[in-house]
Amino acid sequence: MDNYIYELKGTLYLNITNKCGNRCEFCIRSNSDMLVGYDLRLSREPSFEDMKNAIDNYGKPFAEAVFCGYGEPTYNMNTLVKTGEYLKSKGIKVRLNTNGQGKLINDRDIIPELKRSVDEVSVSLNEADRGAYQNLCHPKFGMFTHDEILDFAKGCKEAGLSIRFTVVDIIPNDSIRRCRKIASGMGIPLIVRRHISDNESYK
Ligand code: SF4
């Protein structure tokens with residue numbers, strides 16, 4: 001049976017797609033189907049009804065939910081928006097972890113939909129310029145993907161969404177320094193997160 005939700009330290013994670021247009025060198029998906037004991041490979045993408053059932057049957061209280069997936073959540077935008085709205089209507093804080101390519105993926109500006117359905121957006125910046133991003137993440141949308149990600153983050157901030165950037169700690173220190181500079185120039189916080197290499201080390 002597919003795992004549409006899983007819990008980590010009191011936060012509910014929402015697994016709504018396995019699709020992603022990147023092939024990041026550090027992606028855990030390339031060497032495992034499992035995360036913290038959950039098999040996150042999906043036989044099909046869940047609908048809103050699937051997510052509502054999973055959430056309603058969860059049986060434990062939680063204050064925060066995160067669209068994280070084992071893939072890029074904005075590939076399943078319909079389920080994301082409806083599920084986010086449902087959670088927010090119950091007073092639950094909702095975060096989207098995204099590679100920032102939602103506009104390219106959906107061929108439209110998704111920020112108005114996110115305004116209704118999430119409270120916070122966490123964008124994987126990953127690298128400091130087009131070329132380095134291309135080499136690390138191999139985006140299917142090509143060389144200008146990095147520019148689009150910055151644009152998306154700027155749009156979220158302007159729309160009043162709470163936003164942050166992340167990078168993983170495996171990139172060079174100089175890249176981290178340059179990412180910090182980009183983030184600070186945009187008035188967006190940046191978090192350096194520990195690289196997850198296997199099931200056991202996820203914190
Ligand atoms: S964007 Fe996320 S899910 Fe997609 S390949 Fe990179 S790390 Fe994996």
(request) Go through (1) surrounded by fewer than 19 Cβ atoms within 10 Å (Cβ to Cβ); (2) within 15 Å of the ligand (Cβ to nearest atom); (3) of a type in the set (Ser, Thr, Tyr) and name the single condition TYR70 misses. (result) (1)
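Please state which one of ASN135, ASN99 is of a type in the set (S, T, N, Q), farther than 19 Å from LEU12 by Cα and open to solvent by 30 Å² or more (accessible area, probe 1.4 Å). Lay out the reasoning, then the answer.
Values: ASN99 fails: open to solvent by 30 Å² or more (accessible area, probe 1.4 Å).
Step by step, each of ASN135, ASN99 is checked, and only ASN135 is of a type in the set (S, T, N, Q), farther than 19 Å from LEU12 by Cα and open to solvent by 30 Å² or more (accessible area, probe 1.4 Å).
Can you tell me which of VAL81, VAL121 is touching a Phe, Trp or Tyr at 6+ places or on another chain (Cβ under 9 Å), farther than 19 Å from ARG178 by Cβ and away from the ligand (no atom under 16 Å from the Cβ)?
Numbers: VAL121 fails: away from the ligand (no atom under 16 Å from the Cβ).
Just a single option satisfies the conditions, and that option is VAL81.
Before we move on, is LYS140 modelled with pLDDT of 95 or more, surrounded by fewer than 17 Cβ atoms within 10 Å (Cβ to Cβ) and part of a helix (DSSP H, G or I)? Break it down into steps so the answer makes sense when it comes.
Numbers: modelled with pLDDT of 95 or more: yes; surrounded by fewer than 17 Cβ atoms within 10 Å (Cβ to Cβ): yes; part of a helix (DSSP H, G or I): no.
No, not satisfied.
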(request) Pull up the stretch 1-60, narrow it to residues that are within 12 Å of the ligand (Cβ to nearest atom) and of a type in the set (S, T, N, Q), then point me to the one that is most open to solvent (accessible area, probe 1.4 Å). (result) ASN31
(message) Suppose the filter is over 20 Å from LEU161 (Cα atoms) and surrounded by fewer than 18 Cβ atoms within 10 Å (Cβ to Cβ); does ASP109 pass it?
(response) no
(message) Looking at the stretch 18-30, I want the residues that are touching a residue at least 24 places away in the same chain (Cβ under 8 Å) and have a partner that is near the ligand (Cβ under 7 Å from one of its atoms) and of a type in the set (Lys, Arg) with Cβ atoms under 9 Å, at least 6 apart or on another chain. Which pairs are those?
(response) ASN18/ARG29; CYS20/ARG29
(request) Kindly list, by first and then second residue, each pair from a residue in the stretch 55-66 that is on the phi > 0 side of the Ramachandran plot to a residue that is open to solvent by less than 70 Å² (accessible area, probe 1.4 Å), limited to pairs with Cβ atoms under 8 Å and residues at least 6 apart or on different chains. (result) none
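Evaluate the stretch 17-36: report whether one residue or more is in contact with a helix residue (DSSP H, G or I) (Cβ under 6 Å, 6 or more places away or on another chain), under 18 Å from ASN3 (Cα atoms) and at pLDDT 95 or above.
yes
The values are calculated or read from the model by the stated rules, or taken from the named source; none is laboratory data. It should be emphasised that the depicted structure is a prediction, and the values quoted were computed from it without experimental measurement. For neighbour counting, all protein chains shown are included, and Cβ atoms are generated from backbone atoms with ideal geometry for every residue, glycine included. For accessibility, only protein heavy atoms count, side chains too; no ligands or nucleic acids. Shrake-Rupley method; radii C 1.70, N 1.55, O 1.52, S 1.80 Å.
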